[in-house]
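Encoded as structure tokens, the structure appears first; notes follow it.
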Amino acid sequence: MKQVILFIFIAILAFTGCHDVKIGFLKAEGAEYVPDSIVIPAKLVTAEENPWTNDQIRIDNNSPWLTNAISGVLGTEPLHYEFVSVKAFDGGNADLFSKEIVVRGNGRMEVPLRPTAPKGRYLVTIKVSNEGYSAVLPDVFTFIIK
């Protein structure tokens, strides 16, 4: 009888121990960009207009506007970042801006040197995910085109 009870107890432990366990983790509650905004001039100043400008180097290299990597995201690698949406304020056009923005590794966002989106404020929402987990980071970065 003791052997039967022991066998049943071991069988119950085996069946309860055999369940799917999610792999990895993702914590993005404290995710942020430092700084959390960038000002993009609508008109770049050339060296002919102002010899003390830094815009000429950017113009010569056709360098896009790039954010820093996002901080405060912890999780099992690989982490994937993707653009979710953008909100436009102060005369901005969200549809145009959403066609120009690219999200790269480590959450870096890139906007072309001369964006076609009009002047305005653009609040960007991105999504970070890995195997089995995802988190949406609403209004995590602001682009200001002046």
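If you build a Gaussian network model of the chain, linking Cα atoms that sit under 10 Å apart, which residue out of Arg108, Arg121, Arg58 swings the most?
Evaluated over the chain, the most mobile residue of the options is Arg58.
Just want the answer: with Cβ charges of +1 for Lys and Arg and -1 for Asp and Glu, which residue in Leu13, Leu26, Gly105 is farthest toward the dipole's positive end in the chain?
Checked the options; the winner is Leu13.
Could you tell me the number of lysine pairs in the range 22-145 with C-alpha atoms less than 17 Å from each other, where the two lysines are 8 or more residues apart or belong to different chains?
7
Please report Lys127, Lys2 as a ranked list, fewest other C-beta atoms within 10 angstrom at the top and most at the bottom.
Lys2, Lys127
Going by how many other beta carbons lie within 10 Å of each one, how would you line up Ser134, Ser129, fewest first?
Final ranking by Cβ density, sparse to dense: Ser134, Ser129.
What do you get for GluC sites (Glu not before Pro) in the range 23-104 restricted to DSSP loop and a cutoff of at most 12 other Cβ within 10 Å of the site's Cβ?
Answer by residue number: Glu29, Glu48, Glu49.
Would you list the P(r) distribution for the chain, with all Cα-Cα distances sorted into 10 Å bins from 0 and each bin expressed as a whole %?
Going from the shortest bin to the longest, the percentages are 10, 31, 23, 13, 8, 6, 5, 3, 1, 0.
State, to one decimal in nm, how far the label point of Glu77 lies from the label point of Ala14, with both points 7 Å from Cα in the Cβ direction.
With each label point 7 Å from Cα toward Cβ, the separation is 3.9 nm.
Report, for the chain, the % of DSSP beta bridges that are antiparallel, rounded to 5.
85
Have a look at Ile12, Ile57, Ile40 and tell me which one the Gaussian network model of the chain (Cα, springs below 10 Å) gives the largest fluctuation.
Comparing Ile12, Ile57, Ile40 in the GNM, the peak value goes to Ile12.
Using modelled amide H (1.01 Å from N, peptide plane; none on Pro or chain starts), what sits under 5 Å from the amide H of Met109, excluding residues fewer than 5 places away?
Hits under the 5 Å cutoff: Thr67, Arg104.
Looking at the chain, which longest stretch skips every one of the chymotrypsin sites (Phe, Trp or Tyr not before Pro) that is in a DSSP loop with at most 13 other Cβ atoms within 10 Å, leaving the sites themselves out?
53-146
What is the distance in Å between the Cα centroid of the range 37-64 and that of the range 85-103?
22
May I ask which residue of Tyr133, Ala47, Phe89 lies farthest towards the positive end of the charge dipole of the range 22-145, with charges of +1 (Lys, Arg) and -1 (Asp, Glu) on Cβ and the Cα centre as origin?
About the Cα centre, the residue reaching furthest to the positive side is Tyr133.
The numbers here are math on the coordinates, done by the rules we state, and not lab data. As the structure is a computational prediction, the values presented were derived from the model and not from experiment. Heads up, the Cβs are rebuilt from the backbone with ideal geometry, glycines too, and the neighbour counts pull from every protein chain shown.
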